[in-house]
Amino acid sequence: MEKTLFIVFDGRYVKIVEKNVNEIIELNPQIKIICSLCVKINRIEQTINYVKKTFKNYEKLSNSRNDDMAKNAGWFLIEKNDIIKIIDKEFSDIKKEKNTIKFNKTIKNPHILHNHIKKNFGKLFAEKRRKLKISSEALGNLLGLDGNTIRNWECGKTFIRDLSLIIDIYDKTGIDVIELLKKSVGRN
């Protein structure tokens, strides 16, 4: 079983985040996801320690009180230009060395993360619909939508824009959209 760790950057500081990455981004829109690391559950602590040790080796020295507060919160002061170099040089080797970590450079910003979540959600939604043995066209009709809308959700092109549909979907099919969303972002 694997879990995804995220490396985030706010323009000045970098941090490895184990959970609630979306909440961090919502609190500070400047924060960007630089990459994700898919790690086997039994290697999470080891990987976090390795990443922190690597960041510490590259960290800039500073006497600022704000920098001290950030360090206490687990953030590392690193030059913006150095971050991608560090990730390419240090973390891409993790996969080769330990064979338990998959390096994934596809998630570079929240928009891509959002697309990643939409695709995960779409796959889960399609599986649920197929288990009910209902076509996308029939589900669209049931919800007062076009079948293409359902197909667009399932392939991750669009997402449910009308929140009242979440209730309709559950009432008419038993598909719990909120539960699928939690699974899509890794919160089971």
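General observations
- Residues that are closer than 23 Å to L181 by Cβ and either in contact (Cβ under 8 Å) with a residue 40 or more places away in the chain or touching a helix residue (DSSP H, G or I) at 6+ places or on another chain (Cβ under 9 Å) (or both), drawn from the stretch 8-31: V8, V17, E18, K19, V21, N22, I25, P29, I31
- For the stretch 10-20, the criterion of being farther than 22 Å from D67 by Cα, in contact with a Leu (Cβ under 7 Å, 6 or more places away or on another chain) and of a type in the set (A, V, I, L, M, F, W, C) is met by none of the residues.
- Residue list for the stretch 5-30, restricted to those being among the β-branched types (V, I, T) and modelled with pLDDT of 80 or more: I7, V8, V14, I16, V17
- Cβ pairs under 7 Å, 6+ apart, first in the stretch 104-133 and over 20 Å from F6 (Cβ atoms), second modelled with pLDDT of 75 or more and charged (D, E, K, R): G122/E154; L124/K183; F125/E154; A126/E154
- Taken over the stretch 150-163, the criterion of being farther than 14 Å from A126 by Cα and either assigned by TED's automatic domain parsing to the domain that holds K19 or not in a loop (DSSP other than H, G, I, E, B) (or both) is satisfied by no residue.
Per-residue answers, yes or no, for (1) assigned to a loop (DSSP other than H, G, I, E, B); (2) of a type in the set (A, V, I, L, M, F, W, C); (3) more than 23 Å from the chain's Cα centre (by Cα):
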position: A126; (1), (2), (3): no, yes, no
position: N141; (1), (2), (3): no, no, yes
position: N148; (1), (2), (3): no, no, yes
position: L165; (1), (2), (3): no, yes, yes
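- Number of the condition not met by I175 [criteria: (1) touching a helix residue (DSSP H, G or I) at 6+ places or on another chain (Cβ under 9 Å); (2) exposed (fewer than 13 other Cβ atoms within 10 Å of the Cβ); (3) assigned to a loop (DSSP other than H, G, I, E, B)]: (2)
- Meets criteria (assigned by TED's automatic domain parsing to the domain that holds N42, modelled with pLDDT of 75 or more and aromatic (F, W, Y)) for F76: yes
- Hits in the stretch 134-160 - residues which are modelled with pLDDT under 90, buried (at least 17 other Cβ atoms within 10 Å of the Cβ) and of a type in the set (D, E, K, R): none
- Within the stretch 36-63, the set of residues being within 23 Å of N20 (Cα to Cα) and either modelled with pLDDT under 75 or not in a helix (DSSP H, G or I) (or both) comprises S36, L37, C38, V39, K40.
The values are calculated or read from the model by the stated rules, or taken from the named source; none is laboratory data. Computed from a predicted model, the values in this text were never measured in an experiment. No Cβ is skipped: glycine too gets one built from the backbone with ideal geometry, and neighbour counts run over all protein chains shown.
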